[in-house]
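Trainee: Mind having a look at this structure? Questions to follow.
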Amino acid sequence: MGVIATLLAHEPRLARLRSAARDRYRFVPCEDWTSLTRACERGPINVVVFDLYVDGRADFERVRQLRIRVPRAALVAYVDVTRERAKDMFDAGRCGIDVLIVADETDTPQMLAALLDQAEARSVSSLLKPHLAGLRSVVRDAVMLSVTRAHERLTPDSLARLIAVSRRLLSKRLEGAQLPPPHQLLTWGRLIVAASMLEDGSRSADGVASALDFPSGSAFRNTCQRYLGCTPHQIRLRGGAGWVIQELLVNREKRRQVSDHEDDITDSAAA
């Protein structure tokens with residue numbers, strides 16, 4: 001079970017959030033920014049949901065400090081958007097807010113559930129960014145989307161549409177980067193998010209499988225064995241999401257080394 005820390009003055013919004021989260025999260029309600037920061041520092045928090053205007057004005061410095069203290073947590077602002085606050089929405093992304101929930105517009109139970117999934121996946125994607133430097137934009141976007149949209153059950157065709165390239169070109173670019181083809185990359189993305197969830201010791205493999213819409217806990221375990229050669233418990237022990245990301249990139253480096261070696265052999269034979 002994940003953990004959501006909240007700073008929401010409106011009880012109906014907190015109740016709506018609880019309904020959307022169902023039994024997948026434990027809630028830690030906080031009364032002010034200080035208690036919210038302390039709650040985040042005391043234990044593992046997956047998602048932080050706060051009213052950006054809880055004190056009457058947007059306090060972006062509080063948000064920036066929160067991002068520094070809990071770099072892996074997803075920060076979600078739940079706000080009323082008015083014309084006077086429009087400029088603040090541009091500043092929200094720059095200070096580290098991952099997801100914006102607009103009151104009475106994007107806070108239906110279905111939309112809130114999807115936003116929570118999106119927020120948690122985005123927090124994992126921060127681990128990927130340092131490893132993607134130097135790759136083509138199509139490849140970077142494909143890897144990031146495989147993680148940030150892990151809950152959406154993307155297909156290779158829908159992934160290609162999101163990146164605005166043909167499926168054939170997407171496959172070609174991934175192959176050139178020694179990365180798996182689109183359908184396998186999407187599974188890797190789900191496994192990275194699953195591994196992040198498993199870092200929370202209170203989350204079971206069956207719970208993670210359900211959250212990521214695997215057909216069953218057995219199907220999830222089989223996927224772990226097929227792609228990583230280990231069980232969900234072993235993924236947790238080996239480092240969670242960071243380890244799975246390394247496995248994906250190490251495999252990429254191994255494929256590149258094998259390819260380079262084969263090229264050297266071919267060149268020697270031709271000489």
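Trainee: As a footprinting exposure proxy, order Ser196, Ser171 by other Cβ within 10 Å, with the fewest listed first. The partial results should precede the final answer.
Mentor: Numbers: Ser196 27, Ser171 19.
Lowest to highest Cβ neighbour count: Ser171, Ser196.
Trainee: Let me ask something else. Using +1 at the Cβ of each Lys and Arg and -1 at the Cβ of each Asp and Glu in region 25-79, identify which of Gly43, Gly56, Pro29 lies farthest towards the dipole's positive end.
Mentor: Gly43
Trainee: How much FRET efficiency would the formula 1/(1 + (r/R0)^6) give for Arg136 and His183, where r is the Cβ-Cβ distance and R0 is 22 Å, rounded to 0.05? Intermediate results must be reported in sequence, preceding the final value.
Mentor: On the way: r = 19 Å, r/R0 = 0.88.
Efficiency at R0 = 22 Å is approximately 0.70.
Trainee: Over the chain, what is the relative contact order in whole percent, taking alpha-carbon pairs under 8 Å and six or more residues apart? Write down the numbers at each step before the final one.
Mentor: Details: 351 pairs, mean separation 38.5, N = 271.
Contact order relative to length: 14 percent.
Trainee: Would you calculate the separation in nanometres between label points at Asp80 and Val102, each defined as 7 Å from the Cα along the Cα-to-beta-carbon direction?
Mentor: Going from the Asp80 label point to the Val102 one covers 1.6 nm.
Trainee: Sticking with this one: Quick query: amide H of Val28 versus all other amide H atoms, modeled in the peptide plane; which residues come in under 5 Å with a sequence gap of 5 or more or a different chain?
Mentor: HN-HN under 5 Å from Val28: Ile4, Ala5, Thr6.
Trainee: Grab the eigenvalues of the alpha-carbon gyration tensor for region 2-125, scale each by 5, take roots, and send me the semi-axes largest first in whole angstrom. Walk me through the intermediate numbers first.
Mentor: Numbers: eigenvalues 69, 61, 39 Å².
They are 19, 17, 14 Å, listed largest first.
Trainee: So for Val165, Val99, fewest C-beta neighbours within 10 Å to most, what's the order?
Mentor: Working: Val165 18, Val99 22.
Sorted ascending by nearby Cβ count, the order is Val165, Val99.
Trainee: Then there's this: Determine by what factor the alpha-carbon radius of gyration of the chain differs from 2.2 N^0.38 Å, reporting the quotient. Could the numbers behind the result be given before it?
Mentor: Numbers: Rg = 20.5 Å, N = 271, 2.2 N^0.38 = 18.5 Å.
Normalised Rg, Cα atoms only: 1.11.
Trainee: First measure r as the distance between the Cβ atoms of Ser216 and Glu61, then evaluate 1/(1 + (r/R0)^6) with R0 = 45 Å and state the FRET efficiency to the nearest 0.05. Could the numbers behind the result be given before it?
Mentor: Working: r = 46 Å, r/R0 = 1.02.
Efficiency for this residue pair is about 0.45.
Trainee: Here's something else I'd like to know. I need the P(r) histogram for region 107-259: all alpha carbon pairs, bin width 5 Å from 0 out to the longest distance, whole percents.
Mentor: Whole-percent P(r) values from 0 Å outward: 2, 9, 19, 23, 21, 15, 8, 3, 0, 0, 0.
Trainee: Need one number: nm distance between label points at His233 and Arg42, each 7 Å from Cα along Cα→Cβ, rounded to one decimal.
Mentor: Label-label distance for His233 and Arg42, simple model: 3.1 nm.
Trainee: Per DSSP helix of 4 or more residues, -39500 (n - 2.57); summed, then divided by the residues of the chain. What does that give at 222 nm, rounded to the nearest 500?
Mentor: On the way: 13 runs with 160 residues, N = 271.
Per the formula, -18500 deg cm²/dmol.
Trainee: Same structure, new question: Among the GluC sites (Glu not before Pro) within region 148-207, which fall in a DSSP loop and have no more than 12 other Cβ atoms within 10 Å of their own Cβ?
Mentor: Numbers: sites: Glu152, Glu175, Glu199; in loops: Glu199.
Nothing satisfies the criteria.
Trainee: Let me ask you something else. In a Gaussian network model over the chain where Cα atoms closer than 10 Å are linked, find which of Leu248, Leu100, Leu169 has the largest mean-square fluctuation.
Mentor: So, out of Leu248, Leu100, Leu169, the one fluctuating most is Leu169.
Trainee: Sort Ser35, Ser146 so the one with the fewest other Cβ atoms within 10 Å of its own Cβ comes first.
Mentor: Details: Ser35 14, Ser146 28.
In order of increasing Cβ crowding within 10 Å: Ser35, Ser146.
Trainee: Let me ask another. At 0.36 nm per residue, minus the direct Cα-Cα distance, what do Glu11 and Ser166 gain on full extension? Give it in nm, one decimal, please. All intermediate terms of the calculation are to be shown ahead of the outcome.
Mentor: Numbers: separation 155, 0.36 × 155 = 55.80 nm, distance 4.66 nm.
Full-extension gain reported as 51.1 nm.
Where a number appears in this text, it was derived from the coordinates with a stated rule and is not lab data. Just so it is clear, the model here is predicted, and its values are computed rather than measured. Don't worry about glycine lacking a Cβ; one is built from the backbone with ideal geometry, like all the others, and counts go over all protein chains shown.
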